[in-house]
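*Asks:* Handing you this structure, nothing more for now.
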Amino acid sequence: MYPSNLAKENPNRAAFIMAETGEKVSYKEYEARCNQLAHLLIDEGLEFQDHYSIFMENNIRYLECCGAGERSGLYYTCINSYLKENELAYIINNSESKILITSAEKLPIAEEAIKICPNIQKCLVIGTHGSEKRILNFEEAVKAFPTTPIREELLGNSMLYSSGTTGRPKGILRPLDKQAPDKPFALFNFLKELWQYREDMIYLSQHHFIIQHHK
């Protein structure tokens, strides 16, 4: 079920739990955070099928960084947090990303990378500030925007990259149609049946979050 609907039905229930710290984010809070970032991305001029990238370790803000794109018709690329400056810059430029989201831990690498990424309009940093005008503190930047949905919500999707074992990493771009975000891709419906998602199901994800899923 689309997280917006879950936020209405179970606002105070944990949407996810950080396995290492036990920190919880409720569906209500997750919904508000996704909406604020979606507003910011649209305010920066990103339009349907535009791209942004996420470069950071697992943390409490990671899922909302993906969720914002999934409701605003955008492609987002999750970049391996172990890459070096030139490797990061290649994926940013190749994906034509306009926004980069990173963390305090990864900021030194991100700062060097975006020096050769002319399309990056803003770099949002979770937990700190940057050293130049286009590098902004993530928390301060998003708090200026509404927690309500953007005017036209559209389904977005990830654009992930291959490992590059036979050359440069290659982006995997799935077509996007203009459709509401509560109508997922057919593949997701297939996986839902395959994995037997059900009410109150909890699973440990590969990104070290504990996810609670509801129909």
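*Asks:* On the given criteria, is residue 162 without any contact (Cβ under 8 Å) to a residue 24 or more places away in the chain and in contact with a Pro (Cβ under 7 Å, 6 or more places away or on another chain)?
*Replies:* The answer is yes for residue 162.
*Asks:* Still on this structure, I have one more. Output the residues belonging to segment 71-93 that are in contact with a Phe, Trp or Tyr (Cβ under 9 Å, 6 or more places away or on another chain), surrounded by fewer than 24 Cβ atoms within 10 Å (Cβ to Cβ) and farther than 10 Å from residue 53 by Cβ.
*Replies:* 80, 81, 83
*Asks:* Follow-up question, since we're still on this one. Across segment 4-14, what is the total count of residues that are at pLDDT below 90 and either assigned to a strand (DSSP E or B) or within 16 Å of residue 67 (Cα to Cα) (or both)?
*Replies:* 4
*Asks:* Take the conditions touching a residue at least 12 places away in the same chain (Cβ under 8 Å), surrounded by fewer than 21 Cβ atoms within 10 Å (Cβ to Cβ) and among the small types (Gly, Ala, Ser) and apply them to residue 26. Does it pass?
*Replies:* yes
*Asks:* For segment 141-180, give me each residue that is under 23 Å from residue 60 (Cα atoms) and exposed (fewer than 11 other Cβ atoms within 10 Å of the Cβ).
*Replies:* 144
*Asks:* Looking at segment 129-175, which of the residues that are in contact with a Gly (Cβ under 7 Å, 6 or more places away or on another chain) and assigned to a loop (DSSP other than H, G, I, E, B) is nearest to residue 98 (Cα to Cα)?
*Replies:* The selected residue is 159.
*Asks:* Quick check: is even one residue across segment 2-10 out of contact with any strand residue (DSSP E or B) (no Cβ under 6 Å at 6 or more places or on another chain) and within 24 Å of residue 105 (Cα to Cα)?
*Replies:* No, segment 2-10 contains no residue that is out of contact with any strand residue (DSSP E or B) (no Cβ under 6 Å at 6 or more places or on another chain) and within 24 Å of residue 105 (Cα to Cα).
*Asks:* Would you confirm, using the coordinates I've provided, whether residue 16 is under 15 Å from the mean Cα position of the chain (by Cα), over 18 Å from residue 145 (Cβ atoms) and touching a residue at least 12 places away in the same chain (Cβ under 8 Å)? Show your work before the answer.
*Replies:* Details: under 15 Å from the mean Cα position of the chain (by Cα): yes; over 18 Å from residue 145 (Cβ atoms): yes; touching a residue at least 12 places away in the same chain (Cβ under 8 Å): yes.
Yes.
For (1) of a type outside the set (Asp, Glu); (2) buried (at least 23 other Cβ atoms within 10 Å of the Cβ), each residue gets a yes or a no:
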| residue | (1), (2) |
| --- | --- |
| 30 | yes, no |
| 47 | no, no |
| 52 | yes, yes |
| 56 | yes, yes |
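The values are calculated or read from the model by the stated rules, or taken from the named source; none is laboratory data. This structure is a prediction, so every number in the text was calculated from the model and none was measured. Positions of Cβ are backbone-derived with ideal geometry, glycine not excepted, and every protein chain shown enters the neighbour counts.
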